[in-house]
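Down below is the structure, laid out as C-alpha cells.
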Amino acid sequence: MNAEVFKQRTKSLALRIIRLVESLPNTKTTHIIGKQIIRSSTSVGANYRASCRAKSTADMINKLKIVEEEADETMYWMELLVESRIVSGDKMKELIKETDEIISMTVSSIKTLRNKH
C-alpha cells in the first residue's frame with residue numbers, strides 16, 4: 001500500500017464522517033453515536049500516521065492493529081446508524097465500502113509484515 005495515498009484515504013474518511021455527523025438530526029442518540037464515530041474514524045488516520053513513524057516492525061504491527069480496531073469500530077457505528085434508520089443505507093454505502101477497504105488493506109499489511117518479521 002502506498003503510504004501517502006493511504007494517509008489521504010484515512011484522512012478523507014474522517015472528514016466524510018465529520019460531515020455526516022454534522023448532518024445528523026439533533027437527538028440524544030445521534031449526539032452519542034456522533035461523538036463515538038468521530039473519535040474512532042479520526043483515530044484511524046492518526047494511528048496510521050503513527051505507524052508510518054514506527055521504530056520497528058513489531059511497533060508498526062501494533063500500531064496497524066489499532067488502525068484495524070478503530071476502523072472496525074467506525075464500521076460498527078455506521079451499522080448502528082443504518083440499522084436504527086437514522087441514516088439510509090444508500091447514503092452510507094460508499095462510506096461503508098471505503099471503511100471496509102481500509103480494514104482489508106490494513107489486515108493485509110499486518111499479515112505481510114508478520115510474514116517478513
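Quick note: the coordinates plus some simple rules give every number you see, no bench work behind them. Worth saying up front: this structure is predicted, and the values here are computed from it rather than measured. When we count neighbours, we look across all protein chains shown, and the Cβ atoms used for this are built from the backbone with ideal geometry, even at glycine.
Rounded to 0.05, the FRET efficiency of the ALA3 and TYR76 pair, given R0 = 22 Å and the Cβ-Cβ distance, is 0.25.
With a ≥ b ≥ c taken as the square roots of the eigenvalues of the C-alpha gyration tensor of region 3-116, please select rounded if a/c is under 1.5 and otherwise prolate if a/b is larger than b/c or oblate if it is not? Could you put the intermediate results ahead of the total?
Numbers: a/c = 2.45, a/b = 2.17, b/c = 1.13.
Verdict is prolate for region 3-116.
Would you work out which of ALA71, LEU113, ILE33 lies farthest towards the positive end of the dipole of the chain? Charges go on Cβ: Lys and Arg +1, Asp and Glu -1. Value computed over the given set: LEU113.
Sort SER104, SER43, SER56 by Cβ crowding within 10 Å, fewest neighbours at the top. Please list the in-between numbers first.
Working: SER104 12, SER43 20, SER56 9.
Fewest-to-most Cβ neighbours within 10 Å comes out as SER56, SER104, SER43.
Relative contact order for the chain: 28 percent, from Cα pairs under 8 Å spaced at least 6 residues apart, divided by residue count.
Comparing THR99, THR27, THR42 in a Gaussian network model of the chain (Cα springs below 10 Å), the most mobile by mean-square fluctuation is THR27. In the chain, helical runs assigned H by DSSP with n ≥ 4 each contribute -39500 (n - 2.57); averaged across all residues and rounded to the nearest 500, the mean residue ellipticity at 222 nm is -30500 deg cm²/dmol. Taking a threshold of 31 Å on the Cα-Cα distance, which of the pairs LYS11/LYS116; LYS63/LYS97; LYS93/LYS116; LYS35/LYS93; LYS7/LYS93; LYS65/LYS91 fall above it? Exceeds cut-off: LYS93/LYS116.
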